[in-house]
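*Asks:* This is the structure I have questions about; it appears just below.
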Amino acid sequence: MKRAKKKVFADFMSQKGLKSTKQRDIILDCFLSSDRHLSIEELYLKLRSKHPNIGYATVYRTLKLFAEAGIAREMQFGDGQTRYEHVSEGEHHDHLVCTRCGHIEEFENETIEKLQDEVADSRGFLIERHRLELYGLCANCRK
């Protein structure tokens with residue numbers, strides 16, 4: 001999976017006439033090794049200790065390239081920060097977002113997906129894409 005995304009990104013860079021750089025490779029490895037929805041700043045801080053020569057602007061531009069290449073998706077969860085998540089072909093999930101601590105949990109539910117399809121079908125609507133985000137308090141914050 002990781003190797004496939006690296007190939008997608010390498011192919012994208014080649015098509016765009018952009019060079020593959022060591023810094024972009026490091027950022028890609030760090031991004032792909034994370035299972036969180038990372039903001040630019042979070043990824044930058046994660047990289048900074050081992051790679052102080054990688055600047056914030058480089059991380060910003062590289063994440064934008066990941067999104068453009070289709071290996072990352074930009075997400076807004078109402079906290080004013082753009083976060084990035086991995087994109088996997090054919091996979092769909094929704095999000096539970098804690099409004100207190102910011103924890104984001106992914107979930108899949110076939111019943112919800114089926115209900116959305118039924119609602120759309122009953123109105124003659126063809127769904128091309130959708131996002132479901134539920135906002136509230138996570139189990140830890142409810143304690």
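*Asks:* How much accessible area per residue does the range 51-143 have, counting only protein heavy atoms and a probe of 1.4 Å, in square angstrom?
*Replies:* Spelled out: the 1.4 Å probe surface of the range 51-143, per residue, equals 68 Å².
*Asks:* Can you figure out the FRET efficiency of Asn109 with Tyr135, using R₀ = 22 Å and their beta-carbon distance, to the nearest 0.05?
*Replies:* About 0.85, to the nearest 0.05.
*Asks:* Considering only protein heavy atoms and a probe of 1.4 Å, how much of the accessible area of the chain is carbon and sulfur, as a whole percent?
*Replies:* 49 percent
*Asks:* Would you mind checking the pairs Lys16/Lys46; Lys7/Lys50; Lys19/Lys50; Lys7/Lys64; Lys2/Lys114; Lys64/Lys114 and listing those with alpha carbons more than 21 angstrom apart?
*Replies:* Over 21 Å apart, Cα to Cα: Lys16/Lys46; Lys7/Lys50; Lys19/Lys50; Lys2/Lys114; Lys64/Lys114.
*Asks:* Classify the range 1-119 from the C-alpha gyration tensor, please: rounded if a/c falls under 1.5, else prolate or oblate depending on whether a/b exceeds b/c.
*Replies:* oblate
*Asks:* Rounding to the nearest 10 and keeping the result within 0 to 90°, find how far the Cα-based axis of helix 22-33 lies from the longest principal axis of the chain.
*Replies:* 30 degrees
*Asks:* Of the residues Lys64, Lys46, Lys19, which exhibits the maximal mean-square fluctuation in a Gaussian network model of the chain defined by a 10 Å Cα contact cut-off?
*Replies:* The residue with the greatest mean-square fluctuation here is Lys19.
*Asks:* May I pose another question? DSSP loop GluC sites (Glu not before Pro) in the range 1-103 with at most 16 other Cβ atoms within 10 Å of their Cβ, which ones?
*Replies:* Glu89, Glu91
*Asks:* Same structure again: Using only Cα atoms and rounding to the nearest 10 degrees, what angle (0 to 90) does helix 56-69 make with the longest principal axis of the chain?
*Replies:* Here the helix axis deviates by roughly 60 degrees.
*Asks:* With axes computed from alpha carbons, what is the tilt in degrees of helix 2-16 against the longest principal axis of the chain, rounded to the nearest 10 within 0 to 90?
*Replies:* 70 degrees
*Asks:* Moving on to the next point. As a test of the formula, what do you get for the chain when each DSSP H run with n ≥ 4 contributes -39,500 (n - 2.57) and the sum is divided by the residue count, at 222 nm and rounded to the nearest 500 deg cm²/dmol?
*Replies:* -14000 deg cm²/dmol
The values are calculated or read from the model by the stated rules, or taken from the named source; none is laboratory data. Every value quoted in this text rests on a predicted model; they were computed, and no experiment measured them. Note: ideal-geometry Cβ built from the backbone for every residue, glycine included; neighbour counts use all protein chains shown. The accessibility values were calculated without ligands, DNA or RNA, using every heavy atom of the protein model including side chains. Shrake-Rupley method; radii C 1.70, N 1.55, O 1.52, S 1.80 Å.
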